[in-house]
């Protein structure tokens, strides 16, 4: 059995899916991000002044790109895997000799592709508003790849447990969005009182946003090593959980 | 001997305690055309679910072409093509994508997958629809799409769970022809169906499952040989009056006739009688027969009697248990 063909098939299916509905998957992030730039960058940002030694618009660009990557990686896998469960076409894979790691890798890979593609689109849109500088391209690439993998895995676990379409919107609404907004996208956590700085350090998105911002601007509220260690820890943990759930057939097999 | 399918002591209890399978044993030989019949909720789909790993078994052993699903699941899966009862493909994907991706899950390279997709879509008369999303297909077309999908990795064993449910008779017959051809190519076919005529026409061996237990496992020939009485319908060429026919029926010896109308007679024939006797009697009475047909589906009669036998046995068992308890 050639696992690479199976992996490629799942990946192709996933990419075909979000490309087929590009108006729903690729256009909204571009519009949303333009509004963020207009409101927070131009209108409010001009009154805020500098943050971390950069004008506010330049400061928030990496966070906004990362926000789009996180949301799209997560929602792609959550909605795709759940609708495969709902339409029962997930059985196409379950009856085939596809190892569980290939199923996980295929869906996560699909989520990463959408997250990264949306990230690129948002980056291009942001060029209309601000000159983007690059401090370390490899840090940018590593952060975006690892972060998209983390949230794609999160979306997969959400979809495995989900019993209805409501269940795949609860986590993004009540957990993901607050964590993203409190993850240092719009501010430096060094501005917070000590207590809230400590609380912020329990938010994994802080590490992702800061590592990503370091790649662009060369500034970060957290150490880069800690940031990558946290992201890798989450990837390993979520991958192990996803594999265990699929192996046991939770939500998939009676 | 290696069987296409070997099931021993297979049991499944669902959450909530419902015992869908109570330790069934079943073997299907390579190249067989096998019917697995039973009333709704008998355990057919659970059995298929366990074989194809969509349902976790509680106990027992399943081997597919000698490969145990507990130890060689991926190898076992590679032999099986499944046509499930419910439509389970993405309604939004075009047919070509569905088929090529499915082949990919079995490791079939894309160029070969495209070739096979074309072959099966043409054979199943879906080629014109290849770029359309699956939701645009009619019910019968969707059933054929599931057959094409199950064949994309050219399996050794095809399991069809009510493949002709809701399909019109013309299409059903063309599907039967297609399945027969596949079987002649050496593919083992396991079929569940509610159309007992379908099982009788296609299958060589049969198992009947009821209440999670196998109540019959034999060849179709042997099963049908258990039939004591068959009913034939005779269409009379020159219309006689009902009174004339009734007079003939009254005078007839040994054979039981019934007058349905002035053109139709029904005859019950047991194993000790034969049709020659019937024709002799009709000839003597100058009744000319236009055509003749077997009235009821023979397998249906047996199926009902087997299921009834089992349910009365269960009833009497529980009654005696109740008496014992008193």
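Structural remarks
- Positions within region A:192-234 being without any contact (Cβ under 8 Å) to a residue 12 or more places away in the chain and in a helix (DSSP H, G or I), in sequence order: A:194, A:195, A:196, A:197, A:198, A:199, A:225, A:229, A:233
- Checklist (1) over 20 Å from residue A:7 (Cα atoms); (2) in a helix (DSSP H, G or I); (3) in contact with a helix residue (DSSP H, G or I) (Cβ under 8 Å, 6 or more places away or on another chain) applied to residue B:131, failing item: (2)
- Some residue of region B:226-242 being part of a helix (DSSP H, G or I), modelled with pLDDT under 80 and touching a strand residue (DSSP E or B) at 6+ places or on another chain (Cβ under 8 Å): yes
- Evaluation of residue B:194 against (1) in contact (Cβ under 8 Å) with a residue 12 or more places away in the chain; (2) more than 11 Å from the chain's Cα centre (by Cα); (3) surrounded by fewer than 19 Cβ atoms within 10 Å (Cβ to Cβ); (4) more than 14 Å from every other protein chain (Cβ to nearest Cβ) (one fails), failing number: (2)
- Criterion: away from chain B (no Cβ under 14 Å) and crowded, with 16+ Cβ neighbours inside 10 Å - qualifying residue of A:62, A:97: A:62
- Of all residues in region A:1-24 being surrounded by fewer than 20 Cβ atoms within 10 Å (Cβ to Cβ) and more than 9 Å from chain B (Cβ to nearest Cβ), the one that is nearest to residue A:96 (Cα to Cα): A:15
- Restricting B:7, B:51 to those that are in contact with a strand residue (DSSP E or B) (Cβ under 8 Å, 6 or more places away or on another chain) and within 14 Å of chain A (Cβ to nearest Cβ) reduces the list to B:51.
- For region B:94-112, a residue qualifies if it is under 21 Å from residue A:102 (Cβ atoms), more than 9 Å from chain A (Cβ to nearest Cβ) and within 30 Å of the chain's Cα centre (by Cα), and exactly one does: B:99.
- Residue A:107 vs. criteria within 14 Å of another protein chain (Cβ to nearest Cβ), crowded, with 23+ Cβ neighbours inside 10 Å and part of a helix (DSSP H, G or I): yes
- Hits in region B:68-87 (condition: without any contact (Cβ under 8 Å) to a residue 12 or more places away in the chain and either farther than 23 Å from residue B:51 by Cα or at the interface with chain A (Cβ under 8 Å from one of its Cβ atoms) (or both)): B:74, B:75, B:86
- Against the criterion of being in contact with a helix residue (DSSP H, G or I) (Cβ under 6 Å, 6 or more places away or on another chain) and either assigned to a helix (DSSP H, G or I) or buried (at least 20 other Cβ atoms within 10 Å of the Cβ) (or both), residue A:175 does not qualify.
- The condition of being farther than 20 Å from residue A:33 by Cβ and either surrounded by 21 or more Cβ atoms within 10 Å (Cβ to Cβ) or within 14 Å of chain B (Cβ to nearest Cβ) (or both) does not hold for residue A:76.
- In region A:211-248, of all residues being in contact with a helix residue (DSSP H, G or I) (Cβ under 8 Å, 6 or more places away or on another chain) and within 14 Å of another protein chain (Cβ to nearest Cβ), the one that is nearest to residue A:200 (Cα to Cα) corresponds to A:245.
- The residues of region B:54-67 that are part of a loop (DSSP other than H, G, I, E, B), more than 30 Å from residue B:130 (Cα to Cα) and either without any contact (Cβ under 8 Å) to a residue 24 or more places away in the chain or facing chain A (nearest Cβ under 9 Å) (or both), listed by number, are B:55, B:56.
- Tally, over region B:106-117, of residues that are touching a residue at least 12 places away in the same chain (Cβ under 8 Å) and assigned to a helix (DSSP H, G or I): 4
The values are calculated or read from the model by the stated rules, or taken from the named source; none is laboratory data. Values in this document were obtained by computation on a predicted structure and should not be read as measured data. So basically every Cβ, Gly included, is an ideal-geometry build from the backbone, and we count neighbours across all protein chains shown.
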